[in-house]
Each structure stands twice: as C-alpha cells, then as structure tokens.
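Engineer: Here's a structure for you.
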Amino acid sequence: YAQYNVALMYEKGQGVEKNQSEAIKYYIKAAEQGDADSQYYLGGYFEDGKVVTQDFESAASYYKQAAEQGHVSAQHRLGMFYLIGKGVEKDPDLGIEWINRSAENGAPMYQLWAAQIFETGEFPDLIRTLSEYNWIMSSPAINVAVKFTLEFFSTCKFPSFPSRDKLT
C-alpha cells in the first residue's frame with residue numbers, strides 16, 4: 001500500500017521532513033484498506049500514547065485487526081493485552097491462544113519470551129498450556145536450561161508457581 005510507504009517516510013524523515021502526525025494519518029488510511037503492518041503500528045502508537053492520546057481499547061482493536069491477518073508481533077501484543085486485561089476484558093485463555101499463534105509462527109523473539117515465562121514462573125496457566133506445544137522443544141531460541149526447566153516443572157505437581165516479585 002502506498003499510504004503505508006508514505007507513513008514510513010514521514011515517521012523516519014526519509015525524503016520528507018519527519019512528522020509523526022502525518023505518519024499517523026497515512027497509517028490510518030492504509031489500515032482502513034487492510035494493511036496489517038499499519039494496523040500494528042497504530043496499535044503501538046495508541047498503546048504508547050506519546051504521539052496520540054493513549055487509548056488501550058484502540059490499541060487492542062488495531063492489534064486484533066493485524067493479528068487476524070497473521071501479523072506475528074500483533075498476535076503477541078494482543079495476547080499480552082488479553083492476559084492482563086489491557087484495553088480488553090481479561091481473558092487468559094484467549095491471551096494464551098494468541099501468544100501460542102505468535103510462537104507457532106516461528107518468531108524466535110516470542111518463543112524466547114515464552115521461555116522466560118517458564119524461568120520466572122509468571123503466568124502459571126500459560127506455562128501449563130505452552131508445555132503442550134511442540135514448538136517449545138524444537139525452538140532454537142530456547143536453550144537447554146530452559147528446556148530442562150520446562151521438563152522438570154511439567155513433572156512436578158506444584159499448586160502454583162512463585163510470582164516474579166517473590167523471586168527478587
């Protein structure tokens with residue numbers, strides 16, 4: 001989409017004077033035409049709130065539009081929004097589903113993020129669910145120590161895992 005390319009030019013100041021407001025106008029035009037990258041960037045702008053008024057519901061909406069088209073980063077962000085109830089009604093199951101999609105799509109960064117959850121014990125329901133997915137054990141982004149941790153905890157019958165603040 002031409003609007004997406006123009007938005008990038010304004011955002012980065014390439015060939016035009018850098019102008020975030022103009023970039024957003026063009027991202028919106030491209031997003032309305034179904035451009036997943038533009039939808040993802042708009043989600044980020046609304047989540048961040050530095051250029052536009054922070055609006056988590058709008059961020060979630062844009063992330064969802066992009067995620068439904070297979071945008072891996074949007075799938076991850078949307079999953080996080082559902083896990084913590086940011087801009088959407090909290091729904092850990094749906095959050096886990098979106099996070100699984102991003103990881104299953106082979107994004108090493110999100111596979112690594114999932115591995116870090118195993119190490120910290122944060123989001124115990126996510127840990128139990130993710131352990132059922134084959135990509136975990138075959139991911140090059142997950143090192144031997146994390147695989148060992150996953151195997152160890154999957155055999156233990158702990159009622160819950162310690163939260164991150166209890167570990168520090």
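Engineer: Could you please find all residues in the stretch 43-76 being of a type in the set (S, T, Y) and open to solvent by 10 Å² or more (accessible area, probe 1.4 Å)?
Structural biologist: We begin by selecting, within the stretch 43-76, every residue of a type in the set (S, T, Y); these are 45, 53, 58, 61-63, 73.
Those that are of a type in the set (S, T, Y) and open to solvent by 10 Å² or more (accessible area, probe 1.4 Å): Y45, T53, S58, S61, Y62, S73.
Engineer: Need the failing condition index for G79 against (1) open to solvent by 30 Å² or more (accessible area, probe 1.4 Å); (2) not in a loop (DSSP other than H, G, I, E, B), just the number.
Structural biologist: (1)
Engineer: Still on this structure: Out of curiosity, is Y45 in contact with an Asp or Glu (Cβ under 9 Å, 6 or more places away or on another chain) and of a type in the set (S, T, Y)? Full working, then the answer.
Structural biologist: Numbers: in contact with an Asp or Glu (Cβ under 9 Å, 6 or more places away or on another chain): no; of a type in the set (S, T, Y): yes.
No; evaluated as a whole, the condition is false for this residue.
The values are calculated or read from the model by the stated rules, or taken from the named source; none is laboratory data. Being a predicted model, the structure only gives us computed values, none of them experimental. Every residue, glycine as well, gets a Cβ built from its backbone with ideal geometry; the counts of neighbours run over all protein chains shown. Areas reflect the complete protein model, heavy atoms only, side chains present, ligands, DNA and RNA absent. Shrake-Rupley method; radii C 1.70, N 1.55, O 1.52, S 1.80 Å.
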